[in-house]
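Below you'll find the structure, written out as structure tokens, and then a few comments.
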Amino acid sequence: MTLSPKIAEVTDRIIARSAERRAAYLDRMRRAAEDGPARAHLACGNQAHAYAAMAEDQGRLADGRAPNLGIVTAYNDMLSAHQPFETFPALIKEAARARGATAQVAGGVPAMCDGVTQGQPGMELSLFSRDVIALAAGVALSHNCFDAALYLGVCDKIVPGLIIAAATFSHIPAVFVPAGPMTSGLPNDEKAKVRQQFATGEIGRDKLMEAEMASYHGPGTCTFYGTANSNQMLMEFMGLHLPGASFVNPGTPMRDALTRAATERATEITALGNDYRPAGEVLNEKAFVNGMVGLMATGGSTNLVLHLPAMARAAGIELLPADFADISAVTPLMARVYPNGLADVNHFHAAGGLGYMIGELLDAGLMHEDAVTVAGDGLSRYRQEPKLQDGKVVWTEGAGKSLNEKILRPASDPFQATGGLAELTGNLGQGIMKVSAVAPERHVIEAPAAIFHDQRDVKKAFQANELNRDVVVVVRFQGPKANGMPELHSLTPVLAVLQDRGHKVALVTDGRMSGASGKVPSAIHVAPEALDGGLIGKLQDGDILRVDAVKGTLDVLTDGVADRAPATPDLSANSHGIGRELFEVFRQTAGVAPNGAGVVV
């Protein structure tokens, strides 16, 4: 199928816009690659320190002729998604030895859970943890001992941070190794109903806790389609996973076999062999376009609109909000996974999953088939699905049709003709809205504003019955420079209650919502943020706001707002406690949301 003219146009303008930055990046990558295997240039004393604890692998490491794989792991056992990684290094080392190679844990990176910190002060460190992860992975790889790297990470900021590191160490091949989703528990729509009942006082905390524990009940990624599972989709669409690896449950023979296969593939794509695939070549403009298409086709997380530009910049590529909007306009929404439906990712995978979706999008001319991938042979390899034969992974043709069209539909007959995200621009600045889960009749909201500087005050106003009307709730001074741009997902239940009462309700914020943002229309990532001179900082209660996802506009309709003095709230409480003191330099140097709100790129 011929490539869509719009996809080709967006790709070409990204290439042209990025030409100077990308050329310098590739030049650095090639010069690093020309130095050859890094270990050969280490002094004997350097090498002795690196190999001292490696027992049976010492001789092979000192010889320097076999690949040495660096493992960068986000393991901890507080995050259900990362707990399975505890056993991965031993499995990887065993698989590497079987191939005559070696593997070492190069280092660990932190991995925080937005589900734990949601609505808590710790959430103000969440976005910046992406940059910390990139820095920590950089420290791990700085020992310069590795011919390829295996990255063990799943959740919200972890995968983007690891990608930034992989792009920075561009001459080292990178294979991302997922852990998979937990098995299905309490359906997500039932959990959401319980949360709303708790918000209105219909049930007590004991019933809320019972529902939450029945939903988040075992090892693996949370099963709704939020940022963590959007990350896994992205790694497959961008060719950094092995085909079909994303949504296999942990603790299964297939999961272990895929981890072994990822290790084997990593040994094959180093500069020591004949199929060298450095990370910098995989992370090219076509890969990022394919990733954006996947985000729109699946109705993925709004957080990726922050992360993808930051990831791309690390690879010398410049993405703009208009790129997302134009790709969304031609990409069909093919999936309904909670909060955009009742199914979870296990149901999506069983219905045909990413292999079916990639095949459909390729046939529709909406993706670059000739993208470089770690699996080789272009993106068509990712139509295939893994099967176990005698304990080994073999790839066979994937589902030729959807097995449940209530969850996964063909590109020719999608749930809606356009993707799951909309760009909003107007006199309030620019922002985005996740529209895939918002009913069409709520895509345009015009109502008086209610202004807040803290999400806790929104909840207090709700409990005091002060928001029982048509309202656009504005929560400002939530941007990266103000307080680290926390997610405001804990507002979803109360806003949903107001909406269910028949009111016109929207949220406008310079902060973030969860990657699982649901049915309440939310204009988020508004830039410039209030602390950076944005007009959102001059709004007052009662100003009439219009949020229009149909026309893609975000405006205050009240006259004279620009002439007002900006609000000057006391933000001192955001600068200390729960580690926030340590991140002052991040708040001072954070970039703007359209560029990814990054610190290190």
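Just so you know, all these numbers are worked out from the coordinates, no wet-lab data involved. Note that this is a predicted model, so its numbers are computed, not measured. Virtual Cβ from ideal backbone geometry, glycine too; neighbours counted across all protein chains shown.
Overview of results
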quantity	calculated
Whole-number percent relative contact order across the chain, with pairs defined as alpha carbons under 8 Å at least 6 apart	15
Efficiency of FRET from Cβ geometry, Ala417 and Ala439, R₀ 22 Å, rounded to 0.05	0.85
Cut-off 12 Å between beta-carbons: net charge of the residues surrounding Pro243, Lys and Arg +1, Asp and Glu -1	0
Rg ratio (alpha-carbon, reference 2.2 N^0.38 Å) - the range 328-368	1.23
Radius of gyration and Dmax over the Cα atoms of the range 513-601, both given in Å	15.7, 42
Full-extension gain in nm, Thr396 to Lys207, via 0.36 nm per residue minus C-alpha separation	63.5 nm
DSSP bridge orientation in the chain - percent antiparallel, rounded to nearest 5	45
Reference-scaled alpha-carbon Rg (2.2 N^0.38 Å with N residues) for the range 358-415	1.29
Inter-site label distance for Asp63 and Glu34 at 7 Å from Cα along Cβ, in nm	3.0
Shape of the range 75-139, Cα gyration tensor, a/c cut at 1.5	oblate
Convex hull of the range 61-180 built on C-alpha atoms - directionally averaged projected area, nm²	7.2
Segment Ala562-Met78, extension gain: residue separation times 0.36 nm, minus the distance between their alpha carbons	169.6 nm
Gain in span if fully extended, Ser572 to Asn468, counting 0.36 nm per residue against the direct Cα distance	34.3 nm
Neighbour-count order for Lys286, Lys406, fewest beta carbons within 10 angstrom listed first	Lys406, Lys286
Proximal charge balance of Arg580 [Cβ under 10 Å; K/R count +1, D/E count -1]	-2
Rg/Rg_globular for the range 264-407, with Rg_globular taken as 2.2 N^0.38 Å and Rg from C-alpha atoms	1.12
Computed FRET value (nearest 0.05) for Arg501 with Ala55, which takes r as the C-beta separation and R₀ as 41 Å	0.05
Protection proxy ranking of 115-124, 391-400 - average other beta-carbon atoms within 10 Å, highest first	115-124, 391-400
Radius of gyration, Dmax [the range 186-261; alpha carbons; angstrom]	16.5, 51
Within the chain: Cβ-based charge dipole about Cα centre, in debye rounded to nearest 20 (Lys, Arg +1; Asp, Glu -1)	340
Tensor-based shape of the range 420-503 (alpha-carbon gyration tensor, a/c under 1.5 rounded, otherwise prolate or oblate)	oblate
Amide H contacts of Gly107 (H built 1.01 Å from N, under 5 Å, at least 5 apart or other chain)	Ile71, Thr73
Computed P(r) (all Cα pairs; the range 303-378; 10 Å bins; percent)	14, 35, 44, 7
Mean shadow area of the range 241-316 over all directions, Cα convex hull, nm²	6.4
Relative contact order for the range 421-595, counting Cα pairs under 8 Å that sit 6 or more residues apart, in percent	29
Within the chain, helix-based [θ] at 222 nm, where runs of 4 or more DSSP H residues each add -39,500 (n - 2.57), nearest 500	-11000 deg cm²/dmol
Fewest-first ranking of Arg313, Arg512, using other Cβ atoms within 10 Å as the exposure measure	Arg313, Arg512
Scattering profile of the range 421-595 at q = 0.11, 0.16, 0.19 Å⁻¹ [log10 I(q)/I(0), Debye over alpha-carbon scatterers]	-0.42, -0.91, -1.29
Amide proton proximity set for Leu545, modelled H, under 5 Å, gap of 5+	Ala447, Ala449, Leu557
Calculated SAXS-style log₁₀ I(q)/I(0) at q = 0.25 Å⁻¹ - the range 120-222, Debye, Cα scatterers	-1.21
Footprinting exposure proxy for Ser402, Ser572, Ser80, Ser380 (fewest neighbouring C-beta atoms within 10 Å first)	Ser572, Ser380, Ser402, Ser80
Burial order of peptide ranges 541-549, 482-490 (average beta-carbon count within 10 Å, highest first)	482-490, 541-549
5 Å binning of all Cα-Cα separations within the range 1-110, expressed as whole percents from 0 upward	2, 9, 13, 13, 12, 11, 11, 12, 10, 4, 2, 0
Considering only the range 350-485, percent of DSSP beta bridges that pair antiparallel, nearest 5	75
